[in-house]
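Presented below is the structure to which this report refers.
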Amino acid sequence: MFRIILLILGTGFTAFGQIDFEKASWEKIKAKAKAEKKLIFVDVYTTWCGPCKMLDSQVFSDRETGRRMNAFFVSYKADAESQGRALAVKYGVNAFPTGLFMDADGNLVHSFIGFRPVPEFIVEANQAMQATENGRIFTLYENAYEQGNRNVDLVYTYLKFRRIYNLPTHDLLEKVLKKMPDDSLQLPHWQRVVIENTQWTEGKGFDWLLMQKGTPNIKNKIEFIISNTVVRAQEEKDKKLFQKALTYVDSVEVSEKARELKTRYTMDFSAATRDFDQLADAAEQYLEQEIIPSLSADSQRANPEAYQKAIDRLSSVCWLYSEYVKKDRLTKVCDCVADVIEKEQNSVLLSHYASLLYKQGDFENAVAAQTRAVEIARNSNDESLADQEEKLKRIKRKKL
């Protein structure tokens, strides 16, 4: 549910994951691997197997392992005593856990038996990756880097491969920068490495970027890094990291833009961390400072685009209020919406307004607002009509 909030309000939300095990038929697993030009990894396990459970809790849930496996493999779990029995028999599995690495046609390229901690599991996966050209090239550059090769072209290419496969680069970059002379960043090749691989608002690379913030493309990069760090703080529920990221917004944005961004980020972070009182404070500030001023008649005439954007923002914030804000704090947003719907025939906004009224216990006016939303959706052949009609039924039954 929180992911929906973040997408609506505009910052997005990126999960920092684990191995994604597909739940599909074996034929679909092979088809997916072939379409994505990946190998297949099969975890053959039993429910009573202790080492199998250790793989789940210690290895498959590891963030770096998950990203790496998701980049190069389509992964599948096979219970050898249930849905995976035929697969276990076909590949002669009689000890658990067994890891099977295959090509997209199901031909075995590598396997292992027993528990492997993360470093050893990665070694097994790397060995399997030699079966594909992309895997061979990636591990070639990775091995050269890990053996201490710090040639700028090699570092650039290795980190580029990691970005292509959605693997983190920031910490590796920082390890390189810490051992380099300070004047190295005067060289264009190393500047390119820093610009493309700095991911968080910390470290030598980010400090250098801040000193170059007057350059337009670098300013855009800093904005992206701040947003990326906010998302990371949400995922890790790290308030200190979040507050630190906010401190950099003022350094790269004009005051009004900085205020808007910080308020929006605060709503996102509060939703992700379930701090609904802080969320209500931020939402009210967002309403007063960023939405209401753009909804006046003068604003509508002077800047129709900004006016429509304000209505879209109001609709998003209404949904947030109806889902997460206590009913004793709904008056301001209800008054704002009431003014707008007198002028605008907007079924989505009306439907959100109905939810707010319902939450306040004003069932009669909630029914009236949702009825109008249904009529507008019907008259405009809106694809949301069926959902709007179903919502009206639930409001009438007081089952929203």
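The values are calculated or read from the model by the stated rules, or taken from the named source; none is laboratory data. Note that this is a predicted model, so its numbers are computed, not measured. Virtual Cβ from ideal backbone geometry, glycine too; neighbours counted across all protein chains shown.
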Odd one out for Gln278 among (1) within 30 Å of His189 (Cα to Cα); (2) in contact (Cβ under 8 Å) with a residue 12 or more places away in the chain; (3) assigned to a helix (DSSP H, G or I): (1)
Candidates Val367, Val333, Val374, filtered to the one that is part of a helix (DSSP H, G or I), under 21 Å from Ser296 (Cβ atoms) and not aromatic (Phe, Trp, Tyr): Val333
Is segment 134-145 home to any residue that is under 16 Å from Asp43 (Cβ atoms) and either assigned by TED's automatic domain parsing to the domain that holds Ile40 or small (Gly, Ala, Ser) (or both)? no
Within segment 110-130, tally of residues that are in a loop (DSSP other than H, G, I, E, B), crowded, with 16+ Cβ neighbours inside 10 Å and not aromatic (Phe, Trp, Tyr): 1
Considering only residues of segment 302-314 that are surrounded by fewer than 20 Cβ atoms within 10 Å (Cβ to Cβ) and either under 25 Å from the mean Cα position of the chain (by Cα) or not assigned by TED's automatic domain parsing to the domain that holds Leu279 (or both), which is nearest to Ala366 (Cα to Cα)? Asp312
Of those in segment 203-224 that are part of a loop (DSSP other than H, G, I, E, B) and without any contact (Cβ under 8 Å) to a residue 24 or more places away in the chain, the residue surrounded by the most Cβ atoms within 10 Å (Cβ to Cβ) is Gln212
Wholly within segment 25-100, helices (runs of 4 or more DSSP H) carrying at least 3 residues that are under 23 Å from Thr132 (Cβ atoms) and touching a strand residue (DSSP E or B) at 6+ places or on another chain (Cβ under 6 Å): 26-36
Could you check segment 132-151 and list, in sequence order, the residues that are surrounded by fewer than 16 Cβ atoms within 10 Å (Cβ to Cβ) and at negative phi? Glu133, Arg136, Ile137, Leu140, Asn143, Glu146, Gln147, Asn149, Arg150, Asn151
Output for segment 164-195, where each listed residue is in a helix (DSSP H, G or I), touching a residue at least 12 places away in the same chain (Cβ under 8 Å) and loosely packed, with under 14 Cβ neighbours inside 10 Å: Lys178, His189, Arg192
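Here is a yes/no grid of residues against (1) in contact with a Leu (Cβ under 8 Å, 6 or more places away or on another chain); (2) modelled with pLDDT of 95 or more; (3) charged (D, E, K, R); (4) assigned by TED's automatic domain parsing to the domain that holds Phe73:
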position	(1), (2), (3), (4)
Val152	yes, yes, no, no
Leu173	yes, yes, no, no
Lys179	no, no, yes, no
Gln186	no, no, no, no
Trp190	no, yes, no, no
Lys213	no, no, yes, no
Thr229	yes, yes, no, no
Glu256	no, no, yes, no
Arg259	no, no, yes, no
Test for Phe96: is it in the same structural domain as Ser25 (by TED's automatic domain parsing), in contact (Cβ under 8 Å) with a residue 60 or more places away in the chain and closer than 30 Å to Ala31 by Cβ: no
Find all pairs meeting these conditions: Cβ atoms under 8 angstrom apart; at least six residues apart or on different chains; first residue within segment 359-384 and within 17 Å of Ser322 (Cα to Cα); second residue in a helix (DSSP H, G or I) and of a type in the set (Ser, Thr, Tyr). Lys359/Ser322; Ala366/Ser355; Ala366/Tyr358; Ala369/Ser351; Ala369/Tyr353; Gln370/Ser351; Ala373/Ser347; Ala373/Ser351
If a residue must be within 13 Å of Val317 (Cα to Cα), surrounded by fewer than 20 Cβ atoms within 10 Å (Cβ to Cβ) and aliphatic (A, V, I, L, M), how many such residues does segment 331-352 contain? 1
Scanning segment 356-390 residue by residue, those buried (at least 21 other Cβ atoms within 10 Å of the Cβ), farther than 23 Å from Ser294 by Cβ and within 30 Å of the chain's Cα centre (by Cα) turn out to be Gln388
Unique residue being under 30 Å from Phe224 (Cβ atoms) and at pLDDT 95 or above when the list is Ile5, Ile19: Ile19
Just to be sure, is Ser299 part of a helix (DSSP H, G or I), more than 22 Å from the chain's Cα centre (by Cα) and surrounded by 20 or more Cβ atoms within 10 Å (Cβ to Cβ)? no
